[in-house]
Amino acid sequence: MERSGETADRTVGSCLDAFFGYTMPESLRAHFLLAVKGLRDRNFYKSVVLMVEDGENGSMGLVLNQPSDLTVQRVLQAHFDLPDLDDLVYTGGPVEPSALFILHNAGDLDPGERPLLPGLFVGSTADAFQDVVRRIAAGDTSVKFRVFRGCAGWAPDQLKGELQRGDWLTLPASADYILNEEPYDLWERLMAIAGRELGIVPSSESDPEWN
C-alpha cells in the first residue's frame, strides 16, 4: 500500500462506486474506515481511521486506536509550558511521522474554524496546540483532546481502489467514539455496528472470522 504525505483539499471528489451493495458517499470526510481482516499492512491491523480530508487531490486521516508509549508531556514539553499530563500520544499513521495533529472540542477558540464533526475540531498548527494547552493549564476540565504523531494518507484514487478491493468498511463518524472512548476495543465495537447497520459482516464480536 503506497501512501502519500500530500493532504487533500476540501473539494468533493467523485462519487465512489457501489460497495458491497450500498452506495458510498461522495466524500469520506468525517467517516470511519475500519480495516478488515484481508488488509495485511501491519500499520493498519484492526485499525480505525477517522477521515479528515477526502477529495480529488487525495485523502488523509488519523488512526484512532494506536496509542504510543510516549506521553503528551514528553512530546510537547520542549514547545509549551505544560501541566502534568499523562495522556498518551497516538500514532496517527505512517505518513509524516514527525508531524503533530490534535483533535479537540474547544470550538470557541476559533469561531471561524470548520468542525470535522459537531463538537470536534482538528488542529495541526502551533497556535492550535498552544490555545488548547493554555486552556488545560488554566484548569479548564471541559476541554478534551487527543494528540497524534503522523497520519494516514492516500494519493488520488488510491483509497477508492482499496475500498473496491474490500480492504476497508466505512461508517459515518461520531464524536462519541473519539475523545471519550478507550481505544483498545474500538475496532471491535465499530465492526459490530457495521455488521448490524450494513449487514456485510457478522455482528458478533466473537466470530472467529473477525478476531
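The values are calculated or read from the model by the stated rules, or taken from the named source; none is laboratory data. Since the structure is predicted, the reported quantities are computational estimates derived from the model, not experimental observations. Note that we place each Cβ from the backbone using ideal geometry, even for glycine, and neighbour counts take in every protein chain shown.
Criterion applied to 40, 134 was being within 28 Å of residue 193 (Cα to Cα) and over 15 Å from the mean Cα position of the chain (by Cα), and the one residue passing it is 40.
Scanning the range 146-202 for residues that are in contact with a Phe, Trp or Tyr (Cβ under 8 Å, 6 or more places away or on another chain), farther than 12 Å from residue 49 by Cβ, hydrophobic (A, V, I, L, M, F, W, C) and outside any helix (DSSP H, G or I) gives 147, 179, 200, 201. The residues of the range 54-85 that are in a strand (DSSP E or B) and surrounded by 23 or more Cβ atoms within 10 Å (Cβ to Cβ), listed by number, are 54, 59, 60, 61, 62, 63. Could you please let me know if residue 93 is among the small types (Gly, Ala, Ser), surrounded by 17 or more Cβ atoms within 10 Å (Cβ to Cβ) and either at pLDDT below 95 or part of a loop (DSSP other than H, G, I, E, B) (or both)? For residue 93, the condition - among the small types (Gly, Ala, Ser), surrounded by 17 or more Cβ atoms within 10 Å (Cβ to Cβ) and either at pLDDT below 95 or part of a loop (DSSP other than H, G, I, E, B) (or both) - is met. Going through (1) in a loop (DSSP other than H, G, I, E, B); (2) in contact with a helix residue (DSSP H, G or I) (Cβ under 7 Å, 6 or more places away or on another chain) one by one, residue 32 falls short only on (1).
Within the range 115-131, the set of residues being more than 22 Å from residue 75 (Cα to Cα) and touching a strand residue (DSSP E or B) at 6+ places or on another chain (Cβ under 8 Å) comprises 115, 116, 120. Across the range 1-29, the qualifying residues are those that are assigned to a loop (DSSP other than H, G, I, E, B) and among the hydrophobic types (A, V, I, L, M, F, W, C), and the one among them that is modelled with the lowest pLDDT is 15.
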